[in-house]
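One structure is given here, and the rest of the page talks about it.
Taken together, the values in this text are just the output of simple stated rules run on the coordinates, not laboratory data. All figures in this text were calculated on a predicted structure; none of them were measured in a lab. So basically every Cβ, Gly included, is an ideal-geometry build from the backbone, and we count neighbours across all protein chains shown.
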Amino acid sequence: MIRTFHPLHWSLPAVALLAAMCLHGPQASATQAPELEDLPLRPDFGGHWEKDYGRSDHWEQELHRTVQQVHQQAQLQQRRGDSNPAAISGARRQARAIISKARLAEMITRPDSMRIVQTGELVRIERPDDAPLICSTRENRQATFDNVHGSESCGWSRDQLVFDIQLAEGVSIQHRFDVDTEGETLRVLTRVSSRSSRSFDLRHFFTRYEARSTGLECVQTLTQGQVCSTRSRRQQ
Amino acid sequence: MLETRATHGSWLLAALLSLGLASCTHNPPPPEPAPGPPPVGAVTLMTTAQPPPEDLQLDVGVRVFGNESQDLGITPINEETFARIRAMEKHYLPVVLRNTLVASNHWGVVRVLPEDDPSVDLLIRGTIIESSGATLTLHVQATDSSGHDWLDRVYSGRAYSMHYQQTPAGMGDVPTEEMKDPFRDVYAQIANDLLMARMELTERDIETLIHISELNHASDLSPDAFDAMLRPDEQGRLTLARLPADNDPMLARVAAMRERHHIFIDTIDEYYDALYLDVKHLYDLWRQYSHDQVVEAQTSRRRARNSMQSADNFEVLRRNYDRYRWAKIFEQEFVGLAAGFVNETAPAVLELSRRVHGLTGSVEEQYAQWRELLRALFELETGGVFADDP
């Protein structure tokens, strides 16, 4: 199921579709193939990506900057004559909330690599120690998870792939993925927000790398989990 | 809307997107799902060592079930996998009912059929309302060949951890006895209700019913020759208007056709049985996972009801995110298991649709073709005596 794409930018879904058909063999081609002209053009996120720390935000710096902005705003209000104690304590509360959001954003974005599998049907973003983010490449907007602990939806905003996660107590997380025109840099904007205070943003840059191919083709089974075989054996 | 390439920046679209979702940022914990029909409880299948005399045995057809169950909480992106499981269940669950009826020893031949069949004495139609490792709800209707309804009832059963404590056959290191169906009480209740309905009939009623079935099948082959022998009463049920003579050659031909037809539907029934045997251990295992998933969902609901706290606290945020993350990982694993189940059962499902007797298509299509073929054959053998004039 692992399909790595050539780093061609804005590769046509047709290429993905053909690749999927080749790898799956006749079984996949027997299923209803979508009409090529019906498939929307999507940028190619597929591949292995590692974090570029030099270009990515540092969460402490971003936190410092955001908290400073909140303090400056509070000071500005004071200077304007608004010495309402509620406003001052409100600013303190906001700062506390922003710190919490920043820590959450840091925790969520901590993995330094990710693998993205993209087919003509879906994009699957796999991050270590977290649930994969999965979105259809065909639907513009789709609910992808719904549970008492949170819900998730995804969609395409022009060339950006957007995941919206709604957690309990009104906290939301947004991941916004886009690739540069060469297809070599992936940018991820993660925004943690709530109604009670301003949101906190972190931007991370990832660069593409070629992972060593295992040469294995795996299929999920119920009784034995992933059952893998070498491609050459399969071709025989 | 998001796909439009208007000149507005993507951030405007993002804002709209966020705005659309803002209305549901504060979801109160959902209540427990509404309870379904009461479960049947513990039921003992009524069996007999002494089956009815052969000429009083009613042949039963169990039609492939309909499936209206929905996988609540499964997001659209995973629907296809679960749709395949539901499609498999339509063929699997009727075999469990068939086996229960056979085990009771109160009936003649019991077969699983792809369509309504005019040759059977009693036809059972079922619809799966809900099917998970924790709950099975079936709507079952049974109608005899005269059109009399025997049963029209919703049956529900619950399975608990203890039902899954046996190791499914072939799963453990040590071979164990085949796992019993966790919803056997549901099937036993259906079988017992059918028996109760049959016990209300006299021997004469049963003999008449068997005659009506024979004429129904004859009429299906040649309506012109046999239609007049059956007459609907005020309630629309078929009654015998007259019986053909015992030495009627046409009846002998019909009996021969009926024999052939039975061989065909026996073969079809064997395919369903083969599917059942092929996937049983996988399905038992799958239902066990499904049961765990239902239990986990119930636990999640309980946790969610007990935790409404400030979103400004990092520990609260972290805990909420972890719960969401693990719930999603759990669902992903469940979806993975579902895909594994579909992958492993695919060969058995394909086998069900293999070619039979030179006919093509799905089992349902083959059955329809067979009925057409049988009519044509009958017409050929009778020299078209009863065929409509052009």
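The order of A:Leu167, B:Leu230, B:Leu123, going from fewest to most other C-beta atoms within 10 Å of their C-beta, is B:Leu230, B:Leu123, A:Leu167. Entry note, the range A:97-167: relative contact order of 16 percent, from Cα contacts under 8 Å with a spacing of 6+ residues. Cα centroid distance between the range B:219-295 and the range A:163-189, in Å? Spelled out, the Cα-based centre of one part sits 57 Å from the other.
Amide H contacts of B:Asn67 (H built 1.01 Å from N, in plane; Pro and chain starts excluded): B:Ile128 sit under 5 Å, all sequence-distant by 5 or more or on other chains. Neighbour counting of Cβ atoms within 10 Å sorts the residues A:Cys218, A:Cys154, fewest neighbours leading, into A:Cys218, A:Cys154. Residue by residue, the range A:62-77 carries 3J(HN,Hα) couplings of 5, 5, 4, 5, 5, 5, 4, 4, 5, 5, 4, 5, 5, 5, 4, 5 Hz when phi is fed to the Karplus relation 6.51 cos²θ - 1.76 cosθ + 1.60 (θ = phi - 60°); x denotes Gly or Pro. Judged by the mean number of other Cβ atoms found within 10 Å, the most tightly packed of the peptides A:68-75, A:89-96 leads the ranking A:89-96, A:68-75. Loop-located GluC sites (Glu not before Pro) in the range B:189-240 (DSSP state other than H, G, I, E, B) with a sparse environment of at most 11 neighbouring Cβ atoms within 10 Å: B:Glu200, B:Glu234.
Take each residue in A:168-180, count the other chain C-beta atoms within 10 Å of its C-beta, and the mean is 5. Take each residue of peptide A:150-163, count the partner chain Cβ atoms within 10 Å of its Cβ, and average: the result is 5. Within the same chain, lysines fewer than 8 places from A:Lys101 are excluded, and of the rest, those with a Cα less than 30 Å from its Cα are A:Lys51, B:Lys328. For peptide A:216-229, the mean count of partner chain Cβ atoms within 10 Å of a residue's Cβ comes to 4.
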